[in-house]
Amino acid sequence: MRFVVANWKMNFLSDQARDFCEAFLADYTASPSVTTAIAPPFHLIRPVADSFRSRQVRVFGQNGHADPKGAFTGEISMAQLQDVGCSGVILGHSERRQLFGETDEALAAKVKAARDWNLLPLLCVGETLEERQRGQTLDVLDRQLSILARTGPTPLWVAYEPVWAIGTGLRAEVAQIREAHAFIQAKLRTLMAPNIGPVPVLYGGSVTPENFPELLDIPEVAGGLVGGASLDPAKFATLVKQAG
Ligand code: PEP
């Protein structure tokens, strides 16, 4: 099974999302070997989920709060994400960590909350350019994954997203991806009970239809988390086809 996940970030108004869904669905055939998901901004979750109902495209949140409800202005809970049609949630994206101060401690609580509300967490991990240049990549991945020791075994997907490759057009090299993914898998094996089953580890960072086939040839790569290219329905449909 391969996995292709679109992260729309803070893009699209309602009519643009409608146009995307129409164009994408015209080009999309569900495949038993690919799991496809789209993470729209909050105001589009319901209409996107409605468009994809019965077409086997999952809808994810881009973030969620650990508490089910309460005085948290501007936040959305896992319960609310589930209520509007999400079956998963992206957690710990580097933009959340860097721009909104999301800590590993907060992420441990969010992973637990996602599990409690039956949402599949897609946990993002990855090093900054400075961390890579200082030789700290594996230490960073180790620290970011260690939150799973606090959550207990839980089904999840992980995305390795080198921060310096996100939205920059710079893709990590095959050897860098292999090293990081092998490390993540080994760490997950020590943290997760065997009955959770294999955890898919996706790659994210300037994925395009031009470079995705090469990425999919890497045995440790289970699929892609895609930002920029996922805003174009033809490109996203191509990525899904390439994974099939
Ligand atoms: C992302 O934001 O998760 C991402 C991978 O973005 P892009 O594909 O644009 O690099």
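Read the figures in this text as sums done on the coordinates, not as results from a lab. Because the structure is predicted, anything quoted here is derived from the model rather than measured. Positions of Cβ are generated from backbone atoms using ideal geometry, with glycine treated the same way; all protein chains shown enter the neighbour counts.
Some observations on this one:
- Neighbours of G227 by Cβ distance under 10 Å: Lys/Arg scored +1, Asp/Glu scored -1, total -1.
- Local electrostatic count at A26 - Lys and Arg +1, Asp and Glu -1, tallied over other residues with Cβ under 15 Å: 0
- Ordered by the number of other Cβ atoms lying within 10 Å of each residue's own Cβ, fewest first, L216, L91, L13 fall into the sequence L13, L216, L91.
- Beyond 19 Å in Cα-Cα separation lie the following of the pairs K69/K110; K9/K112; K9/K235: K9/K112.
- For the chain: relative contact order, % (alpha-carbon pairs under 8 angstrom, 6 or more apart): 22
- Were the residues from R150 through R46 laid out at 0.36 nm apart, the gain over their Cα-Cα distance would be 34.2 nm.
- Size of electric dipole in region 89-244: Cβ of Lys, Arg +1 and of Asp, Glu -1, about Cα centre, debye, nearest 20: 420
- Restricting region 119-214 to trypsin sites (Lys or Arg not before Pro) in coil, as DSSP defines it, with at most 14 other Cβ within 10 Å: R134
- For A222, distant residues with modelled amide H under 5 Å away: V201, L202, Y203
- Ranked for footprinting exposure by Cβ neighbours inside 10 Å, fewest first, M192, M78, M10 give M10, M192, M78.
- Theoretical FRET efficiency, 1/(1+(r/R0)^6), r = Cβ-Cβ of R18 and Q242, R0 25 Å, to 0.05: 0.50
- Per the Cα gyration tensor, the chain maps to an equivalent ellipsoid with semi-axes of 25, 22, 17 Å, ordered largest to smallest.
- Per-peptide packing, taken as the mean over residues of other Cβ atoms within 10 Å, places 63-71, 198-206, 112-120 in the sequence 198-206, 112-120, 63-71 from highest down.
- When you filter the chymotrypsin sites (Phe, Trp or Tyr not before Pro) in region 1-73 for DSSP loop state and at most 12 other Cβ atoms inside 10 Å of their Cβ, you are left with F72.
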